[in-house]
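Take a look at the structure below.
The values are calculated or read from the model by the stated rules, or taken from the named source; none is laboratory data. For clarity, every value in this text was computed on a predicted model and none was experimentally measured. Here the Cβ is made from the backbone with ideal geometry for all residues, glycine too, and neighbour counts use every protein chain on show.
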Amino acid sequence: MVDPGVFQRIRAFLRREIGVDLGADRAYLVETRLGSARSLGRWRSIDALTQAAEAGDLEARRRLVEALVTTETFFFRDSAAFDALRTRVLPELFEQRRGGTIAIWCAASSSGQEPYSIAILVASRFPSLRSRVRILATDVSEDMVERTRRGEYSAFEVQRGLEPRMLEQAFVPIAGGFAVRDEIRRMVEVRLLNLAQPFPSIGPFDVVFVRNVLIYVPPTDRPAILARVAERMRPGAYLVLGNGESVGPEVRAFERASDLRAPIYRRVDGVCRATQHLRDSRAAPSRGGGGATG
């Protein structure tokens, strides 16, 4: 079993680097995913790998992140969110943005099933309007970003959530599985992005999916992430969370769309209290030698 002290250092490293709390009971996961010579690469032990990552070695950092980030996903996961997108969200946005582009961001897209599900939905349900939809898929994992760009999935993966009709319309057979058709893949732009760090210049968006992410983020860190997301959204835009997730009382930039079954929120005027406090402290006269950073 991984040494308890090393495990705690790994937990601290992941929280600092990507904002994720591995959990106090997940030492077995570290041992399972990093316990082999193949997963360790040129390092002889988990401790040595951790030390290298802490010292700033980019390859060691990448190995830790890629091994321990959660990547579970499948096509059309949580059907209520996609039902709301099809019956309410997209029709409303198409009407409001007459002739304009609808921008959708999948902020933790893993291996790409979520953004491609959205692209498939748009292409099948709103074929004449598909040119007006732009989808950005981002993830902290380099491996997942590359997988999304390829758009290739095993037979098992396409069986999870895809109807046979959708499989036929949106995929072509390849050796070992299926590939997303070019016209679907072109609807999705893929980029590397770390939600725990300041965002690059992206947006503004009409819909943002941040599903099954906040459950891995410490509660004290969630408001800052949601505040940054809100800043990249248009007024009235939709925020889609995972089942069991919520924005929390600290964030006043969103209100729940209570008439929808899925955990969906609207962007309203308001700020994250934690973010406003930070701004106020920066504006206040400095006392002593310290100052706010970020």
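Quick look at the numbers
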{"read-out": "R150 of a type outside the set (S, T, Y), touching a helix residue (DSSP H, G or I) at 6+ places or on another chain (Cβ under 7 Å) and surrounded by fewer than 21 Cβ atoms within 10 Å (Cβ to Cβ)", "value": "no"}
{"read-out": "Residue count, the range 220-241 (criterion: modelled with pLDDT under 95, under 16 Å from A108 (Cβ atoms) and not in a helix (DSSP H, G or I))", "value": "1"}
{"read-out": "Selection count, the range 145-164, where residues are within 19 Å of the chain's Cα centre (by Cα) and either among the aliphatic types (A, V, I, L, M) or outside the structural domain of L192 (by TED's automatic domain parsing) (or both)", "value": "1"}
{"read-out": "Subset tally (residues that are closer than 26 Å to R266 by Cβ and part of a strand (DSSP E or B)) for the range 164-201", "value": "3"}
{"read-out": "Residue in the range 176-190 that is under 13 Å from the mean Cα position of the chain (by Cα) and of a type outside the set (K, R) present", "value": "yes"}
{"read-out": "Of all residues making up the range 242-254, the number that are assigned to a loop (DSSP other than H, G, I, E, B) and either over 17 Å from the mean Cα position of the chain (by Cα) or modelled with pLDDT under 90 (or both)", "value": "6"}
{"read-out": "Any chance L93 is out of contact with any helix residue (DSSP H, G or I) (no Cβ under 9 Å at 6 or more places or on another chain), in contact (Cβ under 8 Å) with a residue 12 or more places away in the chain and assigned by TED's automatic domain parsing to the domain that holds S128", "value": "yes"}
{"read-out": "Unique residue being of a type in the set (A, V, I, L, M) and either out of contact with any Phe, Trp or Tyr (no Cβ under 9 Å at 6 or more places or on another chain) or not assigned by TED's automatic domain parsing to the domain that holds S201 (or both) when the list is A107, A84, A80", "value": "A80"}
{"read-out": "Residue in the range 202-215 that is at negative phi, assigned to a helix (DSSP H, G or I) and either modelled with pLDDT under 95 or not aromatic (F, W, Y) (or both) present", "value": "yes"}
{"read-out": "Test: residue in the range 3-26 that is within 26 Å of V217 (Cα to Cα), in a loop (DSSP other than H, G, I, E, B) and touching an Asp or Glu at 6+ places or on another chain (Cβ under 8 Å)", "value": "yes"}
{"read-out": "Residue list for the range 176-194, restricted to those being more than 16 Å from T148 (Cβ to Cβ) and at pLDDT 95 or above", "value": "E183"}
{"read-out": "Tabulated pairs, the range 207-225, first of a type in the set (K, R), second in a helix (DSSP H, G or I), C-beta under 7 angstrom, 6+ apart or interchain", "value": "R222/L214"}
{"read-out": "Within the range 97-142, tally of residues that are closer than 16 Å to Y153 by Cα and aromatic (F, W, Y)", "value": "1"}
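Residue-wise test of (1) of a type outside the set (S, T, N, Q); (2) closer than 19 Å to N194 by Cβ; (3) without any contact (Cβ under 8 Å) to a residue 24 or more places away in the chain; (4) not assigned by TED's automatic domain parsing to the domain that holds P219.
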site: L22; (1), (2), (3), (4): yes, yes, no, yes
site: V30; (1), (2), (3), (4): yes, no, no, yes
site: I46; (1), (2), (3), (4): yes, no, no, yes
site: A55; (1), (2), (3), (4): yes, no, yes, yes
